1. I need to check one value: relative contact order of region 127-245, counting alpha carbon pairs closer than 8 Å and at least 6 residues apart, in percent.
2. For the chain, modelled as a Gaussian network with Cα springs under 10 Å, which listed residue fluctuates most, E206, E349, E276?
3. Once a ≥ b ≥ c are taken as the square roots of the eigenvalues of the Cα gyration tensor of region 36-192, is the result rounded (a/c under 1.5), prolate (a/b larger than b/c) or oblate (a/b not larger than b/c)?
4. Mind putting a number on the dipole of the chain about its Cα centre? Charges go on the C-beta only, +1 for Lys and Arg and -1 for Asp and Glu, and I need it in Debye to the nearest 20.
5. Could you point to the residue in A252, G184, S305 farthest towards the positive end of the chain's charge dipole, with +1 and -1 charges on the Cβ of Lys/Arg and Asp/Glu respectively?
6. Report the equivalent ellipsoid semi-axes for the chain in whole Å, largest first, defined as the square roots of five times the eigenvalues of the gyration tensor built from alpha carbon atoms.
7. Dipole of region 77-360 (Lys/Arg Cβ +1, Asp/Glu Cβ -1, origin at the Cα centre): which of A261, A156, S84 lies farthest to the positive side?
8. Helix 223-234 versus the longest principal axis of the chain: what angle, 0 to 90°, nearest 10, using Cα atoms?
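The numbers here are math on the coordinates, done by the rules we state, and not lab data. What you are looking at is a predicted structure, and each value in this text was computed from that prediction instead of being measured. Positions of Cβ are backbone-derived with ideal geometry, glycine not excepted, and every protein chain shown enters the neighbour counts.
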Amino acid sequence: MKGGLGCPLKKGDIGVLHFIRTMEIKFERYHLQSDLRSPLEGFETVSVPTEVRIDPLTKRRSRIITWGLPSPGKFDFSNMAEESKGCLFCPENIFQKTPQFIKEIVPEGRVCIGRAVGFPNLNPVGSYGSVVVLCHEHFLSLTQFTSEIYEEGLTAAIEIIRRTTAFDPDTRYWQISQNFLLPGGSTILHPHLQVIGDPIPTNEIEWLLDASSSYYQKNGTVYWKDLIQIEKELGKRYIACIGKVHWYVSFAPTGFNEVCASAEGHGSVATFGKEEIASLARGIASTLKYYDEKGLNSFNFSVYSISGEAHYQLLTRIISRAPFQPYYLNDWTSFETLHSELTSNIIPEELCREIQPYFA
Ligand SMILES: [Zn+2]
């Protein structure tokens, strides 16, 4: 289907409907439209709009599609949880069957904070890959992921990062991530975090650093500080401030129902105090409650933690994934996998309005 306003699109084309320039942050978007004779409307001609937005920092494009598939309804996880319980992460196995850190990093073997237990990943994908099991329960629904669970889990993750960095100071690039359920890429149902650190950045970390370094050189300010100020003034995508952590919906999302956070004054979680950890934990739990109400059950999040970069301010992104159900539909199509063109099925400003009450 061709774009209603003509292709190919270029910056400055007539396709640019909306253009705000404040400081060096630009919110650019293109309107595309597909005309067709719809069987749902007696074969009358209808116009289906799509918006292409360009991320002000990374310049990556996102497609905001305005139609959605009907919700599959809530899936009952009780059989699945029953069949797989007694896993490696369950309390009766965790201290017998999971690996221990080398003595130079964690002499006691594992990092235990409240219910959270951190240990090296048996199948790492880099220099330092760890797992933090969040709770004793083998399965939690999204509403059962409380702030307290994340406070303990994040505290354990940060302790692993601090101890590893003390042992190997070259490990500056970290992620604390969660993949939940099969659509999120998790093979184990039992809720856990991934804590991964390397001396070289991931692609995403490098893109964020390169772009924010250019911004800093041009403007003499940190991109996320300016962004937060602008988003607060615009009032369309800024959700809430919890302590020093600002929560907002990105103009050009990297995935479905994406919610972001930026922690003022921090590039790395290693400098986090209890307050920052609690603020991050509360926002994650609030977002998951919103996802649950929307009939979603699977998600990914990542905290991008980078030390020693004055132009970087700590970013976290949470996205929902296609809800798990029998014969579930993967939400990454050729657009995302082979064209690096990200899609979202909710207008970011609408998402902000909907999710704000969950942060109250
Ligand atoms: Zn388990």
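1. Details: 115 pairs, mean separation 33.4, N = 119.
It comes to 28 percent, rounded to a whole number.
2. Between E206, E349, E276, it is E206 that shows the largest mean-square fluctuation.
3. Details: a/c = 3.33, a/b = 1.73, b/c = 1.92.
Taking the square roots of the gyration eigenvalues as a ≥ b ≥ c, region 36-192 is oblate.
4. Numbers: 34 positive and 41 negative charges, 109 e Å.
Using Cβ point charges on Lys, Arg, Asp and Glu, the chain gives about 520 debye.
5. Positive-most Cα among the choices belongs to A252.
6. Numbers: eigenvalues 253, 139, 60 Å².
Ellipsoid semi-axes (Å, largest first): 36, 26, 17.
7. Among A261, A156, S84, the one farthest towards the positive end of the dipole of region 77-360 is A156.
8. Roughly 50 degrees between the two axes.
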